[in-house]
Amino acid sequence: MPLARALVSYTVEQHYRRHHILKAHRMTPQAPLADVIVTATTYLSDIDPIMAETIRRVGPCTLAPNPNIFEALVDAIISQQISVKAADTMVARLRSAAPGNVLTPDALATFQHEDLRALGFTTPKSNYLRNLTEQVVSGQLDLALLPALPDEEVIDTLVALKGIGRWTAEMILIFSLTRPDVLPVDDLGFVEAVRVMYNLPTRPKPKELRARGELWRPFRTFATWYMWGARRVEQRQSTRARTRIVSL
């Protein structure tokens, strides 16, 4: 589909309307998440009729971030390329085997490669988990510094780790750091939801998604969350009270 068609709703008139709506919904950076959600959903509903209908169908945003970045990274590594159910099982298994039943760097540092393999982890995932743990325990990676970094610097820091790509880093931005303007254009669930909800003939490419996402700034995280929600509704799955780091 030509990019011009992807931008059909983002006319000059919409640009100025967006400017005025944003001005009306301006917030402080320290605003509580609940206030951000209200502002974001109101803004998205005002600026995009399809998003407004999606928000109505999905219901209130139940995004509940996990501020424990290490645990979220462990979850993300485990969740790669497996189903949510399988990921839940593996995370629970690792937690049960960890000292104190907690997923902390010190607890995971007690696991050797063979221990992780015995729990059912593949060799690559065992290596990724051990590398993450070693980086944090040694002080080479200070996760406490991430909340103060801009989005792209967070991504650059995390993708330097083995087994962490841009998608995983974006999930950390959304589900741990609660950054409001993340657009994961490589997330299949998001891509497919946009195709369905906007009645597109084919799945939109990253360039087209970024262009479409300009309308949703500075609340692209919440637009993404509602696209995920719409996909769950389409699949007749119930929206979970707490969204895990995987999108579907």
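The values are calculated or read from the model by the stated rules, or taken from the named source; none is laboratory data. Predicted model, so just to flag it, every value in this text is computed and none were measured. Ideal geometry is used to build each Cβ from the backbone, glycine not excepted, and the neighbour counts take in all protein chains shown. All accessible areas refer to the heavy atoms of the entire protein, side chains included, with ligands and DNA or RNA removed. Shrake-Rupley method; radii C 1.70, N 1.55, O 1.52, S 1.80 Å.
Overview of values
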item	result
Derived scalar couplings ³J(HN,Hα) [segment 58-69; Karplus, 6.51 cos²θ - 1.76 cosθ + 1.60; whole Hz; x for Gly, Pro]	6, x, x, 6, 10, 4, 10, x, 9, x, 7, 5
Largest to smallest principal axis extent of the C-alpha atoms in segment 119-248, angstrom	49, 35, 28
Carbon/sulfur fraction of accessible area - segment 138-186, other protein chains in place, 1.4 Å, %	54 percent
Loop-located chymotrypsin sites (Phe, Trp or Tyr not before Pro) in segment 96-174 whose Cβ has at most 13 other Cβ within 10 Å (DSSP)	none
Solvent-accessible heavy-atom area per residue, rounded to whole Å², over segment 104-152 at 1.4 Å	54 Å²
HN-Hα J in Hz across segment 110-118 - Karplus 6.51, -1.76, 1.60, θ = phi - 60°, x for Gly and Pro	7, 8, 8, 4, 5, 5, 5, 4, 5
Whole-Hz couplings from phi, Karplus 6.51/-1.76/1.60, listed for segment 93-106; x for Gly and Pro	5, 5, 4, 5, 7, 6, x, x, 6, 10, 9, 10, x, 5
Residues with amide H under 5 Å from that of residue 64, placed H, sequence gap 5 or more	243
Potential extension, residue 214-residue 106 segment - 0.36 nm per residue separation minus Cα distance	34.7 nm
Separation in nanometres of the label points that stand 7 Å from Cα toward Cβ, at residue 148 and residue 83	4.4 nm
Segment 66-180 - Debye-derived log10 I(q)/I(0), Cα point model, q = 0.11, 0.13, 0.21, 0.22 Å⁻¹	-0.32, -0.46, -1.23, -1.34
